[in-house]
1. Quickly run through the range 382-413 and pick out the residues that are modelled with pLDDT under 90, polar (S, T, N, Q) and part of a helix (DSSP H, G or I).
2. Within the range 122-130, does at least one residue satisfy the condition of being over 30 Å from GLN280 (Cα atoms) and not acidic (Asp, Glu)?
3. Could you identify the single residue in ALA319, ALA311, ALA269 that is farther than 22 Å from ALA147 by Cβ and either in a helix (DSSP H, G or I) or not charged (D, E, K, R) (or both)?
4. With respect to ALA239, determine if the residue is open to solvent by less than 10 Å² (accessible area, probe 1.4 Å), touching a residue at least 40 places away in the same chain (Cβ under 8 Å), on the phi < 0 side of the Ramachandran plot and hydrophobic (A, V, I, L, M, F, W, C).
5. I'd like to check something: does the range 323-344 contain any residue that is closer than 21 Å to ILE245 by Cα, open to solvent by 10 Å² or more (accessible area, probe 1.4 Å) and in a helix (DSSP H, G or I)?
6. VAL279: within 25 Å of ASP397 (Cβ to Cβ) and aliphatic (A, V, I, L, M), yes or no?
7. Quick check on the range 38-72: of everything there that is of a type outside the set (A, V, I, L, M) and not in a helix (DSSP H, G or I), which residue is most open to solvent (accessible area, probe 1.4 Å)?
8. Pairs only if they're at least six apart or on different chains, beta carbon under 6 angstrom, first in the range 59-83 and at pLDDT 85 or above, second not in a helix (DSSP H, G or I); list them, first residue then second.
Amino acid sequence: MNNKPSLWHNRDYMLLWSGQVVSVLGSRFSEIIFPLLAYDITGSLLPAGILVACYRLPLVLFSLPAGALIDRWDRKRVMMWCDTLRSLAFATVPLSMALGGPSIWQLYLVALIEGTLSVFFNVAQVAALPRVVSKEQLPDAGAQNQATTAIAEFAGPGLGTIVYQFLGRTVPFLIDSISYALSVFSLFFIKTPFQEERAPAANRHLLIEIKEGLAWLWSHSLIRFVAFLTGAVNVVFTASEIFIIGLALGMNVSKAEIGFIFSIGSIGAIIGATFAGRVQKRFAYRQITIGCVWLMALLFPLYAIAPNIIALGAITALAYITAPVFTVTQLAYRLPLIPDQMQGRVNSTYRLIIYGFQPIGALLGGFLVSQFGAGPAVLAFSAWLVFLAVVVVLNADIRNTQMGIQPKTEKAS
């Protein structure tokens with residue numbers, strides 16, 4: 001019998017979670033505004049794609065060293081510093097607007113700073129989660145975090161574009177800056193240590209520690225495969241931000257209506273997050289993984305024939321249902337297997353793989369939409385998803401694995 005308190009009675013988890021509610025909502029305010037502002041400045045969607053790539057590029061550059069450093073450093077202190085600096089970075093955008101800017105180059109720089117600090121923050125947050133909640137609570141905590149993100153994605157784009165269009169271009173970025181400051185405030189009051197006591201690592205080379213994280217993940221064939229699978233799917237999800245904007249602009253809609261599309265889509269993510277914990281407990285690992293990828297592969301071609309923004313939002317909602325279910329399932333399987341002293345390194349390696357291809361998706365999406373139009377871009381990415389769905393079905397580890405049981409081909413940690 002589990003005597004651990006529920007998540008709602010876990011004070012430190014609620015502080016961690018509540019801080020992220022505010023922070024993620026602020027991030028979603030500015031996330032859709034960034035490419036729209038780039039489009040307004042330049043008149044092209046290609047710089048919008050470059051801007052998204054600038055945000056994703058630090059995942060490729062810094063994930064591995066971030067993981068090793070997080071396993072050395074105080075995770076809570078890292079998270080507080082990251083959100084402090086992110087607050088300051090976003091504050092420069094409204095400041096420069098007041099002075100007659102910003103230029104597209106400043107937006108690129110802010111995106112790079114935001115992306116870099118997000119790498120360190122998110123690796124520390126995921127590594128700290130098993131310390132703040134029990135193993136039995138991990139699926140529910142993962143689902144609640146996914147629900148937080150989904151609700152923010154529902155409210156953020158719509159509210160952000162309305163604020164952008166009617167209250168001014170500076171306000172969404174100011175809100176984001178304040179949200180990061182509030183996140184720092186909530187982290188300050190958390191009492192639970194974010195890591196176990198550990199021996200000093202001063203005499204160990206950083207590259208050796210990075211290799212240990214790489215080796216651990218590589219020795220677990222299922223986790224390795226799912227990491228590359230998720231990275232390949234994320235190419236499409238990243239590009240979808242660009243081609244959905246392209247499809248909407250072709251319908252001659254306002255920027256507030258573009259935000260409305262993403263808000264409708266996020267209803268699906270809210271539904272998925274609401275039921276993710278229960279789905280993970282009820283269905284086999286292989287059923288969830290195969291089902292999610294095939295559902296995405298069947299849904300994405302529908303974008304090419306969507307007649308209006310309601311249809312675009314509805315397709316996005318159905319596709320977004322899969323994301324939290326898939327993520328919670330993988331998180332609940334992966335985190336308990338990783339030793340605490342390696343959480344940062346292994347999860348940073350995993351994140352490098354799953355997010356490292358996103359700059360390619362952003363650049364490819366911007367290029368295809370600007371050169372051939374949004375419709376052909378949708379069909380190209382849909383074909384890629386069908387290929388991935390077939391690969392998933394053929395993978396032996398996926399077919400033979402139940403939730404919580406390592407496949408025979410893996411090494412025990």
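1. If the condition is that a residue be modelled with pLDDT under 90, polar (S, T, N, Q) and part of a helix (DSSP H, G or I), then ASN400 is the only one that fits.
2. Checked the range 122-130: no residue is over 30 Å from GLN280 (Cα atoms) and not acidic (Asp, Glu).
3. ALA311
4. When the stated conditions are applied, ALA239 passes them.
5. Yes - at least one qualifying residue is present in the range 323-344.
6. Against the criterion (within 25 Å of ASP397 (Cβ to Cβ) and aliphatic (A, V, I, L, M)), VAL279 qualifies.
7. ARG72
8. Hits for this filter: ARG75/PHE194; ARG75/GLN195; LYS76/PHE194.
The values are calculated or read from the model by the stated rules, or taken from the named source; none is laboratory data. Note that the coordinates shown come from a computational prediction; the quantities given were computed from them, not determined experimentally. Virtual Cβ from ideal backbone geometry, glycine too; neighbours counted across all protein chains shown. Surface areas here come from the heavy atoms of the whole protein model, side chains and all, with no ligands, DNA or RNA. Shrake-Rupley method; radii C 1.70, N 1.55, O 1.52, S 1.80 Å.
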